[in-house]
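Scroll down for the structure; my scribbles are underneath it.
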Amino acid sequence: MTKPLKFDEETEAIAEICKALGHPTRVQIMTLLWKRDQRTCGEIVELIPLAQSTISKHLLELKKANLVTIQYEGKKTIYSVGVDNINALKKYFSSYLSTIEISEENKETVLTTKHKVRGRNSHLKKYNYQFSHKKSKEETEILI
């Protein structure tokens, strides 16, 4: 049995925010709300091809973490970005990232790839991280 640890309030809040953002659908919902605030669940469903019930569950998780706010207009429920927790997250990451030194030549994006990918699930493989010191399979074949 693990011993429960008690952390300070800010650490607990950041952990809850990160937990809520720990699913790609919720990140996508937040992105849609950042691009245009005040959307209904139906509008979000039109943009993310999932069932309305699934989107509602994700919106509930975001609401629990105070990442979205809710406003009722008649029968419509309008979702907006919860600015307070976004600012807390921004402050936390800005503070944290300012302590990390990464030289310019070591900065690479995870979304770059140096090889063409074919076959099943190729749409996923193009996002694999490429290690600069390793040669791709195609480069190795050329050398042989």
Inset, instruction - Exactly one condition in (1) at pLDDT 85 or above; (2) surrounded by 10 or more Cβ atoms within 10 Å (Cβ to Cβ) is not met by SER122; state its number. - result: (1)
Inset, instruction - Kindly provide the set of residues from region 17-44 that are more than 19 Å from SER80 (Cβ to Cβ) and in a helix (DSSP H, G or I), ordered by number. - result: CYS18, LYS19, PRO24
Inset, instruction - State whether one or more residues within region 2-10 are over 16 Å from GLU61 (Cβ atoms) and either among the β-branched types (Val, Ile, Thr) or open to solvent by less than 60 Å² (accessible area, probe 1.4 Å) (or both). - result: yes
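The values are calculated or read from the model by the stated rules, or taken from the named source; none is laboratory data. Since this is a predicted model, take the numbers as computed values, not measurements. Cβ coordinates were reconstructed from backbone atoms using ideal geometry, including for glycine residues, and neighbour counts include every protein chain displayed. All accessible areas refer to the heavy atoms of the entire protein, side chains included, with ligands and DNA or RNA removed. Shrake-Rupley method; radii C 1.70, N 1.55, O 1.52, S 1.80 Å.
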